[in-house]
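Note sheet for the following structure.
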Amino acid sequence: MIGLKTIFLSVLALAAVAFAEPADSLTCPEGTVISVIRFEGLEHTNHRVVQRELLNKAGEPFSAEKFETEKRRLQDLDLFTDITASCRSAELIYSFKEIFRWIPAPAGKKTDRDGLMIGLALANLNVLGEDIRAEVQYRTSTDPLLDNNEYAFYASSPYLFGLPLGWNLEFLRTDSYDEIRDFQDDSWLLDLDLDYGVTPHLSLLMTVAGRELKDAAFLPEVGFGFAFDFRDSKLDSREGVYFEYMLTHVGEGDDRDFDCNIIDDGATCDDGMGGENYREFLTDARAYYTVWRFVTGATALVRYRMGDVERYDYYYHGGANTFRGHEADSNYLGVHEALLTLEERFVLMERHAACLWGINFFYGVQLVAGLDGSLLWDKGRPGWENYEGAVYGGVHLVIPALDRVRFEVGYSPDKGEPVFYFGLFDKVTSSRWRSR
């Protein structure tokens, strides 16, 4: 997952409020027979990247309904700040304003374990004009300053050689003390995720990963699954449902609590954290419904593990990415987890295109309020003693690359005091990848 430019983009978006006005995205009469389609404004993006998302075709009548679907699909690419369509006689013209491509900037990441991490990044959001994102980053913790460090390379694209095979490659070097699970995370991670679109609404999923964790066994990972996606948009969804099911195996099939090396007639043993050998079943369900400016969303993320799971991979709850009722600590650990959220969003300001200092971007503002439910347990079925609930509210700033920046306040009756949270991406997204 790509973490990008939090502070930089937030400042740009807030500074641009007084300078941008929404544009009318459609000035083409319904039913106009299209003779030819042209593109304007594609300076860095190959035409085929746009063409494969279009539904209106040359030789057919223009459909405003199709254009609205096209526009959402093109916005999902996160390459454009503004997309409009117009007709000149029988010529259909799509006009684009491209988002910045190369950007050296501050890098930000917010996790429940390390808190706010900042650093430097160099990213290209559209490599070779093929909708490929690539980024290198260095991030370090702010509290305690410089104690936890992370080096990362990310690359991703929704297509591979013209095939609808989405891929996400991640290489991560971490040197960080995990105070929640009490171990030094001195690790290397290489992860590849694949998403093959069988139909417009059905995808086959695969993940392959390898993690080298100091004082533990090498941890290979392979998983297969499928997803049904009937959402109107992958980013800032307003209508539809999403269901994903994934089965993943982690570990090499052994459980090494220590390593022994034979020296002459004796043996020396180094205590370690042990290997793992377990299967994880994941269910990710999301549903959205909109009335006027009110967007209702319900999400459920459930992960159940069968086998041997070591403490360094236990799930934790607490913080902006899991449960917005208290901070994460060692009192909230479990082998299995369920995260439930019911959220109401009020679209205070729809997505606006803006330009500041020659940099094109977009922004939107949403007010949010909701309920968080958390279940963490080790064996069997969870009971009420494993459940926690909280309410929260706040403001979301919708911007490129990060989807949204979240400023929220949560309150749990069990704790009795409000807690402020700052998060990146949609919570359901960051919940999936909070440990990486």
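Quick rundown of the values:
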{"read-out": "Enumeration of residues in region 40-85 that are outside any loop (DSSP other than H, G, I, E, B), charged (D, E, K, R) and out of contact with any Leu (no Cβ under 6 Å at 6 or more places or on another chain)", "value": "Glu40, Arg48, Glu65, Glu68, Lys71, Arg72, Arg73, Asp82"}
{"read-out": "Scope region 158-196; condition without any contact (Cβ under 8 Å) to a residue 60 or more places away in the chain and small (Gly, Ala, Ser); matching residues", "value": "Gly166, Ser187"}
{"read-out": "Given (1) at pLDDT 90 or above; (2) out of contact with any helix residue (DSSP H, G or I) (no Cβ under 6 Å at 6 or more places or on another chain); (3) farther than 21 Å from Tyr312 by Cα, index of the condition Ala107 fails", "value": "(1)"}
{"read-out": "Looking only at region 142-156, and only at residues there that are at pLDDT 75 or above and among the acidic types (Asp, Glu), the one that is farthest from Asp131 (Cα to Cα)", "value": "Asp147"}
{"read-out": "Subset of region 173-182 that is part of a strand (DSSP E or B) and either surrounded by fewer than 18 Cβ atoms within 10 Å (Cβ to Cβ) or not hydroxyl-bearing (Ser, Thr, Tyr) (or both) - its residue that is modelled with the highest pLDDT", "value": "Arg173"}
{"read-out": "Matching residues, region 210-247, being among the small types (Gly, Ala, Ser) and not in a strand (DSSP E or B)", "value": "Ala216, Ala217, Ser233, Ser237"}
{"read-out": "Flag if Asp185 is modelled with pLDDT under 95, surrounded by fewer than 17 Cβ atoms within 10 Å (Cβ to Cβ) and in the same structural domain as Ala328 (by TED's automatic domain parsing)", "value": "no"}
{"read-out": "Residue in region 299-319 that is within 18 Å of Arg238 (Cβ to Cβ), part of a strand (DSSP E or B) and either in contact (Cβ under 8 Å) with a residue 40 or more places away in the chain or touching a Gly at 6+ places or on another chain (Cβ under 9 Å) (or both) present", "value": "yes"}
{"read-out": "Selection status of Glu170, buried (at least 17 other Cβ atoms within 10 Å of the Cβ), within 30 Å of Ala285 (Cβ to Cβ) and in contact with an Asp or Glu (Cβ under 9 Å, 6 or more places away or on another chain)", "value": "yes"}
{"read-out": "Condition broken by Gly119, with the remaining ones in (1) buried (at least 20 other Cβ atoms within 10 Å of the Cβ); (2) modelled with pLDDT under 85 satisfied", "value": "(1)"}
{"read-out": "Cβ pairs under 6 Å, 6+ apart, first in region 135-157 and touching a residue at least 60 places away in the same chain (Cβ under 8 Å), second in a strand (DSSP E or B) and hydroxyl-bearing (Ser, Thr, Tyr)", "value": "Glu135/Tyr154"}
{"read-out": "Some residue of region 300-311 being in contact with a helix residue (DSSP H, G or I) (Cβ under 7 Å, 6 or more places away or on another chain) and modelled with pLDDT of 95 or more", "value": "yes"}
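Here is a yes/no grid of residues against (1) within 30 Å of Tyr138 (Cα to Cα); (2) buried (at least 16 other Cβ atoms within 10 Å of the Cβ):
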| site | (1), (2) |
| --- | --- |
| Lys57 | no, no |
| Pro61 | no, no |
| Glu70 | no, yes |
| Leu77 | yes, yes |
| Ala85 | no, yes |
| Ala90 | no, no |
| Phe96 | no, yes |
| Pro104 | yes, no |
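The values are calculated or read from the model by the stated rules, or taken from the named source; none is laboratory data. Values in this document were obtained by computation on a predicted structure and should not be read as measured data. Reconstructed Cβ throughout: ideal geometry from the backbone, glycine too, with neighbour counts over all protein chains shown.
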